[in-house]
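The values are calculated or read from the model by the stated rules, or taken from the named source; none is laboratory data. Predicted model only: the values in this text are computed from it and were never measured. Cβ: placed from backbone, ideal geometry, glycine included. Neighbour counts: every protein chain shown. Note: accessible area is taken over every heavy atom of the protein model, side chains too, but ligands, DNA and RNA are not part of it. Shrake-Rupley method; radii C 1.70, N 1.55, O 1.52, S 1.80 Å.
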Amino acid sequence: MSGVLGLLKGLGVTLGQLPKKKVTLMYPDVQPEWPDRYRGVHKLMPDLCIVCNQCARICPTSCISLSGTRGEDRKLHLETFDINFEICILCDLCTEVCPTEAIQMTDTFELAEYNRDAIYKDMNWLTENGKQHALRKGLSLESTEEAVEQNNQLEGNA
Amino acid sequence: MWNNVLHWVDQPFTSATYLGMLLGGVLTLAITLGAVTYTIYGERKIIGWMQGRVGPNRVGPFGLMQSIADILKLLIKEDIVPAKADKALFMIAPIITYVPAFAVLAVIPYTFHHYFTARLNIGVLYYIALSSISIIGIVLGGWASNNKYAIIGGLRSAAQMISYEIPLALSMLGVVLLSGSLDITRIIEVQQQNGLWNVFPQILGFIVFLIAATAELARAPFDLPEAESELVSGYFTEYSGFRFAFYMLSEYVYLIAMAGLAAALFLGGWTGPFGLGWGWFWYAIKSFLFIFLMFWLRATMPRARVDQLMGFAWKYLIPLAILNLLISAVEKLYWLKG
Amino acid sequence: MATTELRTEEMLLNVGPQHPSTHGVLRLVVKVDGEIIREATLVIGYLHRGTEKLAEDLQYTQIIPYTDRLDYLAAMINNHAIVNAVEQAMDLQVPERAEYLRVIVAELNRIASHLLFLGAYLLDLGAMSPFLYAFQERETITQMFNEISGARLTYNYMRVGGVKWDAPPGWIDKVRAYIPHFREKLKMYHNLVTGNEVFLGRVKGIGAYSQEKALGYGLSGINLRSTGFKWDIRRNKPYSIYDRFDFDIPVGKNGDCYDRYICHMMEMEESLKIVEKAVEQIQDGPVMGKAPKILRVPAGEYYASVEGAKGELGIYIVSDGKDKPYRFKLRRPSFINLQILPELMEGQNVANMIAILGAVDIVLGEVDA
C-alpha cells in the first residue's frame, strides 16, 4: 500500500508543476541577461596597451600574439594583436595580469563562423567589439580612463 | 436519398448506402489523422508544461505546425528496406498493425445517433478480438527486419501485449456482467438509466483497466519497446520514413480508440451532466481525460524492467481482475438490476 | 533418445562511445550469453586531453583553468584541490573570508553535481521529469556562480593564497535565500522519486558489493560510503576550515544502487547545512593572502587530497624548486571507481547494466583527464 502512496505522491508532484511559470528563454528573440563579471569575448583598448607581453605569457593555451613598435616618445605602441579563439578558453587570466587594463572581457558569447580563418580575431575586431559593448551597456566611449574606471566598478575591484 | 446515405446501417445495400459507407470511412480516416497529429502535439506540449518548459513553439503559431512538419519530414525520407529482409512481410507488417487499430473505431459510439459507427451487439468482443491482431503486425515487423535486436524487441513487445490483453478483457467483463450485454451502446444506456457511471461500482475493474491499457499501448511505465536508453532496440529499428510513421500512427490511433472505450465503458459515454445535449462534446472530454492520464504517467514514471512487467501482469493484475468479477457478480445479484 | 546440447553463442555487444546512457564517451564491450553478461570490458580514453603532461610546462596559476575541466560538473572543488595542494606545499596562509567563500562555493557545487546525478540517473531509467527539475535548480546555482566568477561551468575562481574576486554585493543574501528554497525542492524530489515503486524495483538490490571489496578496489566517496564505511576527507583528514562545521556523513547499508542514490540525496542536505553555517559565520576581510608573484614550490614531493563530488580527489606534485612542476599527478576518483564495474556486471541482466553504470556516478572528464 505504501508503494501505491509513493506512486500517487509522484503523480501529484508532476501535476503541481503544470500551472507554474515556465523557465524557457525565447532565444534568439530574447537575449540572456549576463551579470557584470561575465567572461565573454575580449575587447581591446589599443591606446592603453604598453606591449608588455604579460597577457601572452600568462595565457595557459598560448593563444595571444602581439607585436608593437617603439614610437617617437620612446614608448611601445601596439601594432598587431591577435587572439586565436579556437584555443582561447576564456579563463580571463590575461585580463587579470594586464597592468593598464587594456584588455577586458565583454558579454559577447556568440562566436560561430562559417570558416576557420574568421575565428582569429585581430586588433580591429576586438576594438570594434569594445565599442559595441560600450554602446550596449551605456558606458563611456570617449575617454579610455573612464572606461577602465567603469569596468573596475562593474567587476567590484578595489 | 440522403437518409439512406446517413443511416445506412438499417437499410438494404444499394449504391446510396455504399456511398454512405465510403463517405463514412474517408471522413473517419481524415478526422482520425487530424486527431492523431494534434494528440502528438498535445503530448509534447503537456509533458513540456509539466516539466517547467514550453513545448514546441517555433513552427507556426504556438508550434501548431510542428506535428505536420514532423510527418512531412518522415514522408519525404528515403524508403530503405534492408537487403536480407523479407520484403513482402516487411512491407505488410505496419499495415497489419494499423488496420485493426483503425477498424475498432467503428464500434466506439461517440453519440447516441449512429452516423458512421456501427451498433454491433457484440461490440466488446469485436474490440478485444481485433486488438489482438495488431500484435501479429509487431512480431512480423521484428522478424522481417532480419536484425537480432529487432527480433528480440518484437518478441518482447508481443509478450508484453499478450500478457496484458488478459487483464484488459477480464476488467471489461465486469462491466459486461453489470450491463448484461456486449453491446457498447447498451452499456452506455444502462449507465444512463441507473444514473451511475460504471466507474463507481467497478472501481477495481477501472484501475485494472487503466494499468492494463497502459501496458497494452506500450506507454510509460511499460514503454520498453520504445526505450532508447536501454540496449535492445525495439521492433521498429529497421523501419524508416513512411513505414515508421505508420507504426507511430497505429500506436496513437490505438490510444484514441482505447480512450473512447474507457469513456464508453466506465465513464458513461455520451451522457452529460443533468441530461444536457451535445453528446459528442462530453464524450470528447472524457476521452481527453484518459489521454491526459497517459501523458501524466509518461512524465512521471521511470520504466519497468521486462521481467518485472510480466510478473506484475500474471501475479497481480489477473487475480485482481478475477476478484473484480466476483464483486461484480455480488453487486449484480443484490444491488444493481437491469 | 539422445539429448542434443543446445548450441548457444556468446555475442559481443558494443555499448559504444556514443550512447545516451554512458555519461560521456565511455565504451563498454560486453559479452552476452542470451540475457546474462559474461564479461564486460571498459575502454576509456576517448576524452584524454593530456592534462598531466601539459601541466609540466605551466606555472601553477596557469594549471588552474585546466583543473576546471576534469570533473567539469564540480569545477570549484577541482580548483580547491589544486590551490589547497600548492598552499600546503608552500605553507601559505589564506585569509578567513577567502576560506569561507571557498567552502560556500565548493559545497554549492557539490549540490549541483549531485543534482545532475539525480537527473541523469533517472533519465537513464526512463523518467524524464526529474532531469528537468534538477536542471532548473542547477540553473539557479549556476547563475550564482556566474555572478561571482564570470562563468557558468569552468569557473577559474580560486587562486593560490585566496580567491580571485570577492562576492559582489548582495550575493551572500542570495545564497541565504536559496537555502530554504532548496530544502523544499529536496522534499519534492523525495516525493517524486524515492517512494516510487517502479524506481525501487529497478534499483534495490542491484549491483551490491561488500565493504572489503570496496576498500580493496580503493573506492572512495559515495561508492565507499554506500557500503557502510564512514570515510570522508572533510571529516577524517580535514582541510581548509571544514573542522569548524558540524555535519553528518550519510552512509548506506548494503552497497547497492539504492543506497548510492539515497547517499547522494542525503549528502545534498548535509552540504546545505554547511552552506547555511558558513553564510552565518562569514566576516568581511581581504580575499587574497600574501603569496609571491611567481609561485615556486620548494623541491620535494607533496600529496594533498580533498573530498571531491565523486570521491577523493588527490593532487601529487613532484617539484624541483622551479615555478613549473616536474610531475603533476592527479588521483582521479571516477577513474578509480570505474575499476569495480567489470566485476559488478558479471552475471547481471543486460537490463541492469545501465542502472549499475549510472549509480557509480562517473564523469568522463575525470576518468580520462
**Prompt:** How many percent of the accessible area of segment B:15-76 is carbon or sulfur, using a 1.4 Å probe?
**Reply:** 79
**Item:** For segment B:15-76, projected area of the alpha-carbon convex hull averaged over all directions, nm²
**Value:** 5.7
**Message:** Compute accessible area for segment B:44-60 by itself and then with all protein chains, 1.4 Å probe, and report residues whose area falls by 40 Å² or more.
**Reply:** B:TRP49, B:MET50, B:GLN51, B:GLY52, B:VAL54, B:ARG58
**Message:** Give me the base-10 log of I(q)/I(0) for chain B at each q in 0.08, 0.11, 0.14 Å⁻¹, Debye formula, one uniform scatterer per Cα, rounded to two decimals.
**Reply:** -0.40, -0.78, -1.24
**Asked** Any idea what Rg and Dmax come out to for segment B:1-147 if you just take the C-alpha atoms, in Å?
**Response** 19.7, 57
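So what's the back-of-envelope 222 nm ellipticity for chain C, counting only DSSP H runs of four-plus at -39500 (n - 2.57) apiece and dividing by all residues, rounded to 500? Can you show the working numbers first?
Working: 15 runs with 173 residues, N = 369.
Roughly -14500 deg cm²/dmol at 222 nm, from the helical runs in chain C.
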**Message:** Take the residue pairs A:LYS121/C:LYS310; A:LYS131/C:LYS164; C:LYS174/C:LYS290 and return only those whose Cα atoms are more than 32 Å apart.
**Reply:** A:LYS121/C:LYS310
**Fill in**
Residues meeting the amide H criterion for B:GLY269 (H placed from the backbone, H to H distance under 5 Å, 5 or more places apart or on another chain) are B:ALA264
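What's the buried accessible area, both sides, between B and A using a 1.4 Å probe, rounded to 100 Å²?
For chain B against chain A, roughly 1200 Å² becomes buried.
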**Message:** With bins 5 Å wide starting at 0, give me the P(r) of segment A:19-110 over every alpha carbon pair, in whole percents.
**Reply:** 2, 12, 20, 20, 14, 9, 7, 6, 4, 3, 1, 1, 0, 0
**Message:** Show me, for segment A:47-55, the HN-Hα J-couplings you get by feeding each phi into the Karplus relation (A = 6.51, B = -1.76, C = 1.60, θ = phi - 60°), rounded to Hz, glycine and proline as x.
**Reply:** 5, 8, 6, 10, 6, 7, 6, 4, 5
**Prompt:** Among C:GLU212, C:GLU99, C:GLU197, which one moves the most in a GNM of chain C with springs linking Cα atoms closer than 10 Å?
**Reply:** C:GLU197
**Asked** For segment B:146-225 and segment C:74-146, what is the separation of their Cα centres, given in Å?
**Response** 48
**Delta accessible area of at least 40 Å² on complex formation, residues of segment C:115-133, 1.4 Å probe, chain isolated as reference** = C:GLY126, C:MET128, C:SER129, C:LEU132, C:TYR133
**Message:** Per residue, how large is the accessible surface of segment C:10-368? Use a 1.4 angstrom probe and give square angstrom.
**Reply:** 35
**Asked** Can you give the accessible area of A:CYS91 in Å² (nearest 10), computed on protein heavy atoms with a 1.4 Å probe?
**Response** 10
**Fill in**
Between the residues A:TYR27, A:THR61, A:GLN104, the Cα farthest towards the positive end of the dipole of chain A, that dipole coming from +1 and -1 charges on the beta-carbon of Lys, Arg, Asp and Glu, is from A:TYR27
**Complete:** Phi-derived 3J(HN,Hα) across segment A:121-133 with the Karplus relation (6.51, -1.76, 1.60, θ = phi - 60°), rounded Hz, x for Gly and Pro, is 9, 9, 4, 5, 4, 5, 5, 4, 4, x, 5, 4, 5
**Item:** Neighbour-limited loop hits for trypsin sites (Lys or Arg not before Pro), segment C:215-273 (at most 14 other Cβ within 10 Å; DSSP other than H, G, I, E, B)
**Value:** C:LYS230, C:LYS253
**Prompt:** Assuming a viscosity of 1.002 mPa s and a temperature of 20 °C, what translational diffusion coefficient in µm² per second does Stokes-Einstein assign to segment C:10-368, Rh being the Kirkwood radius over Cα pairs?
**Reply:** 102
**Message:** Give the aspartates and glutamates reachable from C:LYS187 as a straight Cα distance under 12 Å; neighbours fewer than 8 places away on the same chain don't count.
**Reply:** C:GLU269
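Any chance you could list the semi-axes, whole Å, largest first, of the equivalent ellipsoid that the Cα gyration tensor gives for segment C:118-167, using √(5λ)?
31, 11, 6
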**Asked** How big is the protein assembly as shown by the Kirkwood estimate over distinct Cα pairs, in Å?
**Response** 31.2
**Item:** Kyte-Doolittle mean at least 1.6 and Cα axial length at least 24 Å: DSSP H helices in chain C
**Value:** none
**Prompt:** Put simply, what bits of segment C:43-66 lose 50 Å² or more of accessible area when the other protein chains are there, versus the chain on its own (1.4 Å probe)?
**Reply:** C:GLN62
**Item:** Mean ellipticity per residue at 222 nm, deg cm²/dmol - from DSSP H runs of n ≥ 4 across chain B, formula -39500 (n - 2.57)
**Value:** -22000 deg cm²/dmol
**Prompt:** At a 1.4 Å probe, what is the % contribution of carbon and sulfur to the accessible area of segment B:78-334?
**Reply:** 73
**aspartates and glutamates whose Cα lies under 15 Å from that of B:LYS84, excluding same-chain neighbours fewer than 8 positions away** = B:GLU238
**Prompt:** Given H placed on each backbone N at 1.01 Å, which residues far from A:MET105 in sequence or on other chains put an amide H within less than 5 Å of it?
**Reply:** A:LYS43
**Prompt:** For segment C:272-368, what is the largest minus smallest coordinate of the Cα atoms on each principal axis, given in angstrom and ordered from greatest to least?
**Reply:** 57, 42, 17
**Asked** Under 19 Å from the Cα of B:LYS87, which lysines turn up, not counting those fewer than eight places away in the same chain?
**Response** B:LYS77, B:LYS148
**Request:** In Å and from the alpha-carbon atoms only, list the Rg and Dmax of segment C:17-112.
**Result:** 18.8, 61
**Prompt:** Over chain A, how many percent of alpha carbon pairs lie in each 5 Å bin up to the one with the longest distance?
**Reply:** 1, 7, 15, 17, 16, 12, 7, 4, 4, 4, 4, 3, 2, 1, 1, 0, 0, 0
**Request:** Would you mind pulling out the separation of the Cα centroids of segment C:202-237 and segment C:326-350, in Å?
**Result:** 13
**Request:** State, in square angstrom and to the nearest 100, the accessible area buried between chains A and C, both chains counted, probe radius 1.4 Å.
**Result:** 2500
**Asked** Each residue of segment B:244-256 in turn: what ³J(HN,Hα) in whole Hz from Karplus with 6.51, -1.76, 1.60 and θ = phi - 60°, glycine and Pro shown as x?
**Response** 5, 4, 4, 5, 5, 4, 5, 5, 6, 5, 5, 4, 5
**Request:** Summarise the accessible area of chain C (1.4 Å probe, protein heavy atoms) by the percent that is carbon and sulfur.
**Result:** 53
**Prompt:** How would you classify segment B:222-330 from its alpha-carbon gyration tensor, with a ≥ b ≥ c the square roots of the eigenvalues: rounded for a/c under 1.5, else prolate if a/b is greater than b/c, otherwise oblate?
**Reply:** oblate
**Item:** Using distinct alpha-carbon pairs, which all enter the 1/r mean, Kirkwood radius of segment C:60-198 in Å
**Value:** 16.1
**Asked** Computed on protein heavy atoms with a 1.4 Å probe, what is the summed buried accessible area for the chain pair B and C, in Å² to the nearest 100?
**Response** 2200
**Message:** So with the 1.4 Å probe, I'd like the accessible area per residue for chain A, rounded to whole Å².
**Reply:** 58
